[in-house]
Amino acid sequence: MSPPKAAGHKHRRRQNQGFTAGLLLGAGALIGLLLPRDEHWHERGPMNTGHETLHCASCHRPAPGTIRQQLQAGVRHVLGLRKTTADFVYREVTNEVCIECHDRPEDRHPVFRFVEPRFAEAREKLQPQLCTSCHREHQGRRVTLDRVTYCATCHEDTKLKKDPLDIPHQTLITLKQWQSCLGCHDFHGNHVMKTRTVVAQALPPETLFNYFAGAPSPYAQQKRYPAKKEDLREP
């Protein structure tokens, strides 16, 4: 029989070997998951319509400073020694990142417009000044805001001197027919099309919901400013 001391030493050696092997396997698995080709294993959810081929780095950019500096900034912010915190590991995905691919100089509802003081109520309700208020990523959809009536936030007092509709806008507003707005109007005005003037010919809500979920555009295929296509995945 082996002396108790020798048996204990042998047992500890096996424990250390098992711990080392587990650590190496865990590190290898982590490195593998972080490789660009394996990003789908740790994505927060499916990419939205049109973004299926994008690499994580297309939107998630490294935050400035070291991790230690980022942690220090966060702690100082919590303690009230710093006005703002710092992004941790990756920068926040801002409008500027979206506009790199979706720049539309003639956008009918540009996000920067909503920072005006008169849209304070809209900002409080919907945050329309942020692209992600309607297009939150990793939801597997085109539009993630599940309300068709958000037009009411800004257009309850809309009046037109020469209304082109067969049923005036004011009548539709009185009847609270807000689901009809996007049946005639493309929110961003990016589709090349003729605006409908007969309410009965407006796109039905279910068609709009399908479009929001990722179905082909019911408006028009031609766009004034097509999105820049960048496939950053490894070949």
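The values are calculated or read from the model by the stated rules, or taken from the named source; none is laboratory data. Just so it is clear, the model here is predicted, and its values are computed rather than measured. Neighbour counts are summed over all protein chains in view; Cβ atoms, including those assigned to glycine, are modelled from backbone coordinates with ideal geometry. Heads up: the accessible areas ignore ligands, DNA and RNA and are worked out on the full protein's heavy atoms, side chains in. Shrake-Rupley method; radii C 1.70, N 1.55, O 1.52, S 1.80 Å.
At a glance:
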| item | result |
| --- | --- |
| Residue match in the stretch 53-72 (condition: among the small types (Gly, Ala, Ser), more than 23 Å from the chain's Cα centre (by Cα) and modelled with pLDDT of 75 or more) | yes |
| Number of the exception - Thr195 against (1) assigned to a loop (DSSP other than H, G, I, E, B); (2) open to solvent by 60 Å² or more (accessible area, probe 1.4 Å) | (2) |
| Any hit, the stretch 214-233, residues being surrounded by 14 or more Cβ atoms within 10 Å (Cβ to Cβ) and assigned to a helix (DSSP H, G or I) | no |
| Sole exception among (1) more than 23 Å from Asn48 (Cβ to Cβ); (2) in contact with a Gly (Cβ under 7 Å, 6 or more places away or on another chain) for Leu203, by number | (1) |
| Qualifying residues in the stretch 74-90 (those that are aliphatic (A, V, I, L, M) and in contact (Cβ under 8 Å) with a residue 12 or more places away in the chain) - the one farthest from Cys59 (Cα to Cα) | Ala86 |
